[in-house]
Structures are given as structure tokens and as C-alpha cells.
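Inspection log for the structure reproduced underneath, given as C-alpha cells.
The values are calculated or read from the model by the stated rules, or taken from the named source; none is laboratory data. Being a predicted model, the structure only gives us computed values, none of them experimental. All Cβ positions, even for glycine, are placed from backbone atoms using ideal geometry, and neighbour counts span all protein chains on display. Only protein heavy atoms, including side chains, enter the accessible area calculation; ligands, DNA and RNA are left aside. Shrake-Rupley method; radii C 1.70, N 1.55, O 1.52, S 1.80 Å.
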Amino acid sequence: MRRSQVRTVLLRGGLVVGVAAALALGAVSGAGAQAAPPPSRADPVVSAAAHQPIARQQVYERAAREYGVPVRVLLAVSYLQTRWDTHRGEPSRAGGYGPMHLTDLATANAAEAGERRGDPARPRAGTVPHGPAFQTVDLAARLTGLDKAALRSDPTVNIRGGAAVLAEYQRRLGGPGATRVADWYGAVARYSGAVDQAGARSFADEVYALIRTGASRTTDDGQTITLAASPVTGNRAWIDRLGLPKPADGTAECPASLGCEWIPAPYEEIGGGDYGNHDLADRPNDQQVKYIVIHSTEGSYAGTVNLVQDPTYVSWHYTLRDSDGHIAQHVPTKDVAWHAGNWYVNAKSIGLEHEGYAARGTWYTEVMYRNSATLVRYLADRYDIPLDRQHILGHDNVPGVTPELVSGMHWDPGPYWDWAHYFELLGAPFTATGTATSGMVTIRPTFATNRPVFHGCEDNPGPPAEGRPRRCQAWPSSAIVLHTEPREDAPLLRDVGSNPPTGTSTTHVADIGSRVATGQQYAVAEVRGDWTALWYLGQKGWFYNPRSSPRALWSTGMVAKPKPGKASVQVYGRAYPEPAAYPPGVPVQALAPLQYTWPAGQAYVVGMPAAAEYYRAVTFDPAEHQVVKGALRYYQVQFGHRVAYVLADDVDVVASGG
């Protein structure tokens, strides 16, 4: 791909991924060992569940006793995989089912459908991941004598199966019994399904950290479960018996606890004056890093990692694997990766790709959420990035740079990414900071019960081995749809950029034209009974927000309003310098306003001041790269679903509610 073509792809949608490859993990050697006979199908746990359901806490305790597993280990492993949720029998992106995340990728792939990408720039997928790590339900069925369908769908049976698998891993390692909790470290690491020692160790360390801190929550099906804190440190020596490869030497920028892998993206000339697949820089010395952008890969981890090693392709800084949360870094954070579809944002951001699909309501594993949050906290601290939704963006929040490129922008990680939980893991949960008179809200529906029904999932990228197209369902979501009037059957708002030429928005899963998401902040336009209206793309957008069960938090902050005398102001997709700032030989980048209108009388929440800068990097020699800095001043605002930039001279910035 020519550099001009790469730039076009970059601007039109940014990241392009989606080639699956095999991931295999062999069974742990158990030379000379004989498998324990499966328990009777008339086991009292099953009988009790069949006739009189018992509390889920007791299910874990009984399963632990039945298979000789420390109950603390069983609970912690389950929490780290699923937070003890059932997910209504739906598989995770890694093909895991139930509270214990028993994997059955063959069934998960067969239940879904299509190899259709939705985005024509994304290549088709290749091979399907395979191996024991992706079929632990088979081992569970063999050990328990229970039906695989029940192991996938029945929480009680699933927990028994998970306990049996853990016990079998411990037996193969020759480990001690349930009383020596620290010495189950190897079995826990094996349960992660990791293909290398770094990933396995990271998972096991998280499990034992959870045992020390404890946890308690109510699951998605109403079960209250508690893991009492216990001062236990895992014995890491057991991991050597797994026979997993140790991580290769590298320079990954990552907390030591995560064991990140260094798989570099190439910086190479590819002929004809072209090069790829990122740009060398000297951040933060030459320009500040202001954003961390969250993506979903729209393909497998292995395929994504393969693609980033192609010099003719685009790039991103990190890839995270769903099954065990393993992280690979590809581009040094000082350099500029080509991932966000907006060169201004690219120059000031770090991009994280998470294995998954934006149009699939199947869930991400807890370990990937946790490892991602740990990495983001590390990066935010290093680059002094605030932990809020003005700086931690989804790809769907990144604006198009010019009007003609707005409609081609990507919308991942999509409406099914759990922003509320993610920010809890970041240590920055969304909380109310104001009252009904504060004039500003933070979107915050309850993820588990907020289930808008979109359409068009079958027309968007899905797992590589899907068969029939899978339609959208009432899946848990971070998204709220806006209406033109305070009623559910009112039309949606217009977005002339995302939905040209008429601007008509829909409930298509990829249509962000009339949609807000958890953590985003907006100025309040009006409150009428149980309905709240926001200022959004120059319009009032209404959503149901009853006091008895609010879907947004009253907040305080700064908002921008057009200066007195201005009928409207323009918004931009990039904060570039004024023409006079460009030195000789550097082409002037046009100040191209987007196609939206911001009339007088409307207010939009200010995220941050935005520096007027342009990173000129069009040659292979980084000595010829330069940052053009201007005198113009901008503010970043939450204008619609995406952020935008407005000239400081056009607006007054005041406290919300004022």
C-alpha cells in the first residue's frame, strides 16, 4: 500500500484489522497420572439444584469441597474471568461460557455467523483459534460426566466443571491439596489459557491479589457473592512446571506485573519514497500526549499482531488478548502510530487495541478489562493524562478532520463496551458532583439493565468462523439513544456528518448520530418531568432520566457558549495553527470547519484547552519532521457523540449552570 493510500485509510477510518490465526495451548504434562473417575450424575449438588435451587455462594463452596479446590481460589478465578456473572449463557469473545468461563470455541463460533466485515477496508479472517485452551468444556465434561450443554448454560453445573478443571490441573502438576492455597498458583496460571509464561503469571498474580483484597457484588442474575479477604501470596515457583515459554527480551513500556511482550511494528522504507507503518517522534518533548484511544480489533489477537508487523499497513501502540489479558506493545509511546483516523489525535495519543467486535454483544473477559485499566493507569501517570472521558476516548469519539471524512470514521469499541466498569477499574468511577440546578450531566446508565435494541449487527464484522449472520439483541450497553421530543416514539436527532446527505439517524449499531455513552458529559438544555434534554450537534436531544432510576449523574464543570453577538460558531475536527504559523516549505493545513451548526444560546462541555499544532512528518528521515505551533487557541468540547474543537475567540467559557 502506498503511503498516500495508507494516509487515506488512516483518515477515513484509521485502524484496519481482522485476520485470525491459530492459538494453541497444549495440555500440561501429567506423566503416569491417572484421571480421577467422574462423580456420579446423582451428586447432591445437582440434585439440590434440580429440586430446590441453592444460593450461588453455596454452589461455589460445595463445588470446592467436591473437587478439593480451595474455595478462595475457585471464587477468585471465577471473578477474574467473569465477575461471577452468567452472561445469560452467551459466550465471551474468547468462547468462554458461564461464571467459570469454560471455553467451547467450536460451539461459540457455530452459534454465530458470517465472515462479513461491514468495513470493506478490513481483510477477511483466516484460520480459527484452536487447542485445549479453547475447549476446556471438553475436559470438564470428561472429568464430571456432565453434559457439555449444561456446562455451558447452567451456572451450578458450570461452577462444578470449573472446579473439576482446576483440580485436574493441580493433579497434573503434582500439587498439594486444598489447605495449601499458595501452592495452587500453577493450576491458576494454567486456567488462564495463556500461551506464554508472562500471560499466565499475570493472570495468577491478579487472582492472588484478589484473594488478598477480597470482593463482593451482586451478579447479573441477582446472586450476592462474597470473597473474604485473606493474606495469601501465591507461590510462583509452580509456574515453571507448566512448560510455557518465557517472554522474549524487549523494551515494552508496561507495569512489570503485566509481563507485556514487545512485538515491534516496522519502521521501513517500502520504495518510491514511501514508508511505514508509523512515524518517529520525541513525545512528550516535541508535543504532549493528551489522549489514550480505546479500540476493538474487529479480528483475532493473532491476526491483529500479524498485521501490525506489516510495513505497508497501519499501526497502534498495544494489542490486548481477550482470553488472558496478555498485552503486546508494537510502537514506542514516544512515536506516533497511525490508528485513530485523525492526524491531530494520532499525534497526541496512544492507541490500545482490544480483541473483540464492536457489533457483538458478547462480553469481554474481566482479565482483559483489568489489564487494560492497569496499563492505562500506568500510561496516564507517565504522561500526566487525566482519567476522564475527555482524555480516555473511544475510537467512536474521535472526530473526522474535514467534512468529507466524517462519515467514514470508525465507531468502535461500540455500545457494548462497559465504560462504567472500566473507569471503576481505573480508580476514577463516575460520581455525581452537582445537583439538578448544575446545568450539566454525566451519562451513567446501569450497564446490566440498560439494554437498547439496535439493528444491523449482522452487517458488521464478526468472528472469523461465524455461519449465519447474528442479529442484534437486547444486550447490556453503555449507550443511550436521544430523541427530538420527550417520548420514546419521537424521531432521533439529525447528524449531517455521520449520515449524509439528509442527516437522518437510525438505531443501526454503527450509527452514532443520536447516541450518548457512559462517562460523556453534556450541558443540560431542559428538564421536563422524567425527561432530560442535552445540547447535541446543535439540537436538543431528549432521554428518559427518571429520578427513581436516573440514567445520568448531575455534574459540574465548565461549558462554552458563543460570545455575545455571535449568531453561531464553527467547530473543527482538528486544532491546527493559523496560516502565518507555517514556515517556508511546509504546506498550510486548511482550517476546515465541519458541517455542523452551533447556534447562539447553546452550551457544550469543555474537555480541555487544545494546542494549535500540526506534526509535519511525510518523509522517512525523522530529522525532517517538525511540529508547527500556532498562536490560535482552541477548546475541545463534547459536541455530539464525538468531540470537536472550537476557537477560543468565538466562545466564552463559564461554569455550568451559570
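Helical content alone sets the calculated 222 nm signal of the chain at -6500 deg cm²/dmol, taking -39,500 (n - 2.57) per DSSP H segment of four or more residues and averaging over every residue. In terms of the Cα gyration tensor, with a ≥ b ≥ c the square roots of its eigenvalues, is segment 425-464 rounded because a/c is under 1.5, prolate because a/b exceeds b/c, or oblate? It comes out prolate by the Cα gyration axes. The label point for S230 and the one for T431, both projected 7 Å from the Cα toward the Cβ, are 3.1 nm apart. Accessible surface computed residue by residue for the chain, with neighbouring protein chains in place and a 1.4 Å probe, gives 35 Å² per residue. Across segment 297-402, the volume of the C-alpha convex hull divided among the residues equals 114 Å³ per residue. The equivalent ellipsoid that matches the C-alpha gyration tensor of segment 353-398 spans semi-axes of 22, 15, 7 angstrom, in descending order. Available extension along the chain between Q309 and R212 is 31.0 nm, counting 0.36 nm per residue and deducting the alpha carbon span. Modelled this way, with points 7 Å down the Cα-to-C-beta line, the labels at A631 and K334 are 3.3 nm from one another. Other residues whose C-beta falls under 12 angstrom from the C-beta of S478 contribute a net charge of +3, scoring Lys and Arg +1 and Asp and Glu -1.
As a fraction of the 1.4 Å probe accessible area of the chain, surface on carbon and sulfur atoms comes out at 52 percent. Multiplying the residue separation of S548 and K563 by 0.36 nm and removing their Cα-Cα distance gives an extension gain of 1.7 nm. Projected label points at E578 and V527, each 7 Å from Cα along the beta carbon direction, are separated by 4.2 nanometres. For segment 572-658, the direction-averaged projected area of the alpha-carbon convex hull comes to 7.0 nm². Volume per residue for segment 383-518 equals 171 cubic angstrom (convex hull of Cα atoms). Computed from the C-beta positions of A448 and A592 and an R0 of 30 Å, the FRET efficiency is 0.10 to the nearest 0.05. Summing Lys and Arg as +1 and Asp and Glu as -1 over all other residues whose Cβ lies under 13 Å from the Cβ of A610 gives a net charge of +4.
For the chain, the alpha carbon positions stretch 81, 63, 47 Å along the principal axes, listed from largest to smallest. Annotation: extensible slack from T507 through A600 equals 30.6 nm (criterion: 0.36 nm per residue apart, minus Cα-Cα distance).
Number of Lys-Lys pairs in the chain with C-alpha atoms under 21 Å apart and a separation of 8 or more places or on different chains: 9.
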